[in-house]
Amino acid sequence: METRVIDGRELSNRLREDIKSRVERLKEKGITPGLAVILVGNDPASAVYVCNKEKACNKVGIYSQVIRLDENTSQETLLEYIYGLNADKTIHGILVQLPLPPQIDTNAIINAIDPAKDVDGFHPVNMGRLMIGEDCLEPCTPKGIIRLIQETGQPIAGKHAVVIGRSNIVGKPVALMLLRHNATVTICHSKTVNLKEIARQGDILVVAVGKPNLVDSSFIKPGAIVVDVGINRVDDKLVGDVNFQDACQVAGWITPVPGGVGPMTITMLLENTVLAAERKWVE
Ligand code: NAP
Ligand code: LUD
């Protein structure tokens, strides 16, 4: 059986057309959706992602404000920026790019963001709502992963989904979202025994670890949908956590790196910003 590649760039381009028209409709009502992104420090990968987010906003007509702060910025200073943005009526979404430098308590920063502007979906209010199945701003990467899986046309309900990784930004929320779509979900992590045997049971396999070549064809059930979330730089090349060539021997569908989950993360950020702006207008 031929492995089909799920093209995250193509899906993103399609979705961004729809987002663009939603932005236009908001503008006709006098509302320009606005996103503020705060970047602290000089991490080169973060700088690239923030730049991509800014460009994507401009393309669909979302107003974007990037605040670049010094590596040594104190927690108090960062909190002051967030309070200012919480009160700013031109800003509907606030994102603080992670990771933050060690002098800053990440949870304290996330907790300070107005949940209605938390377009990352990382605030405990949004996380809690996700957990109990209430409407919320959903985290961008997991939301993008669900859309990529839906793109295969295969139903999620009843499938065994195996998620490798349990971070708050990817593994845990994507497992909850797969559960909400009625998959039977197994979550694996660094202490999991027999990882390969468990992974091989997955009709859907989501890999979010950050280790190149962690997963090869021996981890994959024939015909499975494989979503590679990992972003690793190896010899100046970008690779995921899955050995793509080898996985193609057995997978039914697979997302590439680059061009899979990454572009969808940014597209879902645009969608969440529009959602946040649309909600504000209804209030
Ligand atoms: P993270 O916070 O470092 O979490 C990694 C997870 O992998 C942890 O739960 C860890 O287990 C688990 N793990 C580590 N080694 C393992 C092993 N040998 N076997 C099984 N599980 C193992 O990472 P993250 O933020 O979730 O990101 C994961 C990857 O996705 C990174 O490469 C990141 O760059 C990428 N990413 C991509 C996007 C995108 O948009 N494309 C977005 C976010 C992240 P423990 O909990 O036991 O430590
Ligand atoms: N922090 C994220 N930190 C890191 N890949 C991203 C990401 C785009 N607060 C907060 O944006 O959602 C976040 N919110 N994250 N990430 C990772 C994570 C955050 C990762 C990759 C990409 C966003 C992306 O565009 C491209 C691709 O996979 O095709 C490649 C881009 C390249 O480096 O060339």
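Just a few scattered comments:
- Consider region 143-188 and keep the residues that are of a type in the set (D, E, K, R) and within 14 Å of Leu130 (Cα to Cα). The one that is surrounded by the most Cβ atoms within 10 Å (Cβ to Cβ) is Lys143.
- Selection within region 115-126: residues that are surrounded by 23 or more Cβ atoms within 10 Å (Cβ to Cβ) and among the hydrophobic types (A, V, I, L, M, F, W, C). The member of this set that is farthest from Leu269 (Cα to Cα) is Phe122.
- Filter result (within 17 Å of the chain's Cα centre (by Cα), of a type outside the set (A, V, I, L, M) and either buried (at least 16 other Cβ atoms within 10 Å of the Cβ) or at pLDDT below 95 (or both)) within region 85-114: Gly93, Gln97
- Only one of Ala251, Ala276 that is away from ligand 2 (no atom under 11 Å from the Cβ) and farther than 24 Å from Ile19 by Cα: Ala251
- Scanning region 234-260 for residues that are outside any loop (DSSP other than H, G, I, E, B) and free of Cβ contacts under 8 Å to residues at least 40 places away in the same chain yields Val234, Lys237, Leu238, Val239, Val242, Phe244, Gln245, Asp246.
- Residues in region 257-272 that are surrounded by fewer than 20 Cβ atoms within 10 Å (Cβ to Cβ) and either at pLDDT below 95 or touching a strand residue (DSSP E or B) at 6+ places or on another chain (Cβ under 7 Å) (or both): Pro258 alone.
- Elements of type strands (runs of 3 or more DSSP E) contained in region 93-206, each with 1 or more residues being among the aliphatic types (A, V, I, L, M) and away from ligand 2 (no atom under 16 Å from the Cβ): 160-164, 184-188
- Filter result for the condition that a residue is of a type in the set (D, E, K, R) and buried (at least 19 other Cβ atoms within 10 Å of the Cβ), over Lys221, Lys191, Lys211: Lys221
- Cβ pairs under 6 Å, 6+ apart, first in region 207-233 and closer than 13 Å to Gly260 by Cα and modelled with pLDDT of 95 or more, second part of a loop (DSSP other than H, G, I, E, B) and of a type in the set (Asp, Glu): Val207/Asp241; Asp228/Asp241; Gly230/Asp241
- Subset of region 140-165 (residues that are without any contact (Cβ under 8 Å) to a residue 60 or more places away in the chain and either more than 19 Å from Gly223 (Cβ to Cβ) or under 14 Å from the mean Cα position of the chain (by Cα) (or both)): Pro142, Ile146
- Within region 166-191, the residues that satisfy the criterion of being touching a residue at least 24 places away in the same chain (Cβ under 8 Å), of a type outside the set (A, V, I, L, M), near ligand 1 (Cβ under 9 Å from one of its atoms) and closer than 20 Å to Phe219 by Cα are Gly171, Cys188, His189.
The values are calculated or read from the model by the stated rules, or taken from the named source; none is laboratory data. These numbers come from a predicted model, not from an experiment. Positions of Cβ are backbone-derived with ideal geometry, glycine not excepted, and every protein chain shown enters the neighbour counts.
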